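Structure, as structure tokens:
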Amino acid sequence: MKMTNRNWLPAYCNPTAYLPKIQETRSQFSKPPYLFSDFMGRALRFLRSDEVKKMGFIYDPKHTLPCKWKCADESVFGIDLAIAAFTGHYPFDKGQIGGVFNQHSIGAAVHHGKVNMDFGGSHVGYVPNEFGGEFGKIWRPQYGEYSTDCGHIMKRIAPFKEVYDDACKSIMAFNPGSGKVILSIPNEFIQPNWSSNNIKLLIDTDRLTISDVPYKQDLKYTHTPIGRSLFYLKPEFLENLELEVAKSFQNSTPTPIGKTLTHRYFNIFDTDADVDDVGLPHDKLNLYMKYILSAHNSPHALKAAIIKTNLEYNKISDSVRLPEYKQNSFASFAGVIIDMYDEALGNYINLYQPLGLCIKPPNSTNVIELSPEEIHYTFDNLTPVSPVYPFELILQGNDGKKILDNFTFKPGYFKTLEL
């Protein structure tokens with residue numbers, strides 16, 4: 001009987017358990033993001049349209065409270081400035097560090113304005129370059145160096161990424177000439193108590209391997225190396241790889257498995273994570289960590305920002321349907337905020353990739369939701385409204401279109417360079 005190591009996984013890592021799907025980076029960035037100021041102008045034009053009125057939502061600037069939910073980082077302060085410039089009002093704050101949506105803020109917000117218009121999302125730094133750019137850091141002029149952005153999310157990912165990168169480098173594949181490819185796996189990635197790290201990565205031996213390699217005195221390649229276990233690799237794994245990559249594992253010299261270690265073949269968890277009474281982690285980013293780490297078409301920082309925005313948007317759409325807010329109206333935009341430092345301006349510029357829109361009319365507990373494709377299709381054909389206060393004074397005459405052109409990331413163009 002083949003052994004399994006799944007019995008050491010927390011319940012939420014069970015490969016057979018259902019996990020809600022998150023939007024794919026490839027589809028979300030099939031169209032470029034907007035300058036946030038441009039998006040803001042188009043959003044107000046849309047909310048004034050007959051289409052939205054037919055949904056039951058009436059936008060009246062005098063009675064609508066503009067709101068923000070985002071991280072408190074200085075690199076996203078352009079969001080506040082744009083909302084104030086286009087509405088004439090400083091936005092009510094519904095956010096917390098890390099781009100967390102504060103559900104408890106809704107009660108106070110509707111007390112200040114019966115109609116709430118929300119703009120928010122997780123943010124991620126972006127440094128342009130010819131390879132599609134680099135996500136997860138930004139220039140900090142006060143320190144004269146680059147640092148993480150969003151620091152909160154990057155700090156959450158960092159210990160997991162360190163363990164994952166170690167696994168990619170230290171799990172080896174080779175073919176000793178026996179016809180079968182063998183995996184040499186450090187024991188810490190097979191059984192959790194071999195690792196002293198609170199972050200545990202376990203190879204899914206059920207999916208990746210056929211069986212362990214039995215010891216034979218006359219076959220040297222079956223002699224177990226110290227601290228490692230040997231397994232026969234499933235042929236299906238190689239069949240799904242590019243030909244040149246698959247060939248590299250057919251050599252007698254052990255080769256690191258690298259980024260071919262995708263989410264299907266491992267689980268990763270934090271033994272110190274806080275969980276609820278049914279065993280689910282309070283920080284739901286833990287549930288998607290292996291997808292963030294092993295994504296091939298998305299930088300891990302961008303993937304994390306998309307997932308985090310999805311998780312927080314769920315709180316919004318869930319909260320606004322509560323009976324106590326039945327009389328109130330909400331138009332809640334969610335998207336990824338991309339921070340870029342512009343040297344000519346000497347300050348930050350924010351791009352915005354919409355991921356969803358939730359509209360709740362008054363006297364209802366139902367919502368109308370628009371997908372990113374619907375938002376782009378509609379907004380691309382709208383003329384932005386003029387701001388109440390001249391926003392160009394904030395930009396100091398800087399050409400926003402040029403800044404947008406510096407965003408060169410495209411799905412399929414980006415390639416992970418670390419491993």
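Side notes on the structure shown:
- Close contacts from the stretch 350-369, counting a first residue that is more than 26 Å from Ser27 (Cβ to Cβ) and a second that is of a type in the set (S, T, N, Q) and part of a loop (DSSP other than H, G, I, E, B), with Cβ to Cβ under 8 Å and a gap of 6+ residues or different chains, come to Pro362/Gln327; Pro362/Asn328; Asn363/Gln327.
- Test: residue in the stretch 26-35 that is modelled with pLDDT of 90 or more, within 19 Å of Pro384 (Cβ to Cβ) and assigned to a helix (DSSP H, G or I): no
- Any hit, the stretch 283-296, residues being farther than 29 Å from Pro32 by Cβ, surrounded by fewer than 24 Cβ atoms within 10 Å (Cβ to Cβ), free of Cβ contacts under 8 Å to residues at least 12 places away in the same chain and charged (D, E, K, R): no
- Scanning the stretch 148-171 for residues that are in contact with a Ser or Thr (Cβ under 8 Å, 6 or more places away or on another chain) and either modelled with pLDDT under 95 or closer than 30 Å to Asp339 by Cα (or both) gives Asp149, Cys150, Ile153, Met154, Lys155, Tyr164.
- Residue match in the stretch 253-269 (condition: in contact with a strand residue (DSSP E or B) (Cβ under 6 Å, 6 or more places away or on another chain), hydroxyl-bearing (Ser, Thr, Tyr) and assigned by TED's automatic domain parsing to the domain that holds Leu208): yes
- Criterion (assigned by TED's automatic domain parsing to the domain that holds Leu311, surrounded by 14 or more Cβ atoms within 10 Å (Cβ to Cβ) and within 17 Å of the chain's Cα centre (by Cα)) met by exactly one of Cys67, Cys71: Cys71
- Of all residues in the stretch 243-290, those being of a type in the set (A, V, I, L, M), under 16 Å from Phe160 (Cβ atoms) and in contact with a Cys (Cβ under 7 Å, 6 or more places away or on another chain) number 1.
- Residues (surrounded by 11 or more Cβ atoms within 10 Å (Cβ to Cβ) and in contact (Cβ under 8 Å) with a residue 40 or more places away in the chain) located in the stretch 5-18: Asn5, Arg6, Trp8, Leu9, Pro10, Tyr12, Cys13, Pro15
- Matching residues, the stretch 396-411, being in a helix (DSSP H, G or I) and either at pLDDT 95 or above or surrounded by fewer than 16 Cβ atoms within 10 Å (Cβ to Cβ) (or both): Lys401, Lys402, Asp405
- Filter result for Asn175 (loosely packed, with under 15 Cβ neighbours inside 10 Å and polar (S, T, N, Q)): no
- Residue in the stretch 376-395 that is touching a Leu at 6+ places or on another chain (Cβ under 9 Å), modelled with pLDDT of 95 or more, among the hydroxyl-bearing types (Ser, Thr, Tyr) and under 27 Å from Met154 (Cα atoms) present: no
- Some residue of the stretch 273-284 being modelled with pLDDT under 95, outside the structural domain of Lys70 (by TED's automatic domain parsing) and either of a type in the set (S, T, N, Q) or under 13 Å from the mean Cα position of the chain (by Cα) (or both): yes
- Exactly one residue among Lys2, Lys62, Lys21 is closer than 30 Å to Ser229 by Cβ and either more than 21 Å from the chain's Cα centre (by Cα) or without any contact (Cβ under 8 Å) to a residue 24 or more places away in the chain (or both), and that residue is Lys2.
The values are calculated or read from the model by the stated rules, or taken from the named source; none is laboratory data. Worth saying up front: this structure is predicted, and the values here are computed from it rather than measured. Glycine gets a Cβ as well: all are built from the backbone with ideal geometry, and neighbour counts include every protein chain shown.
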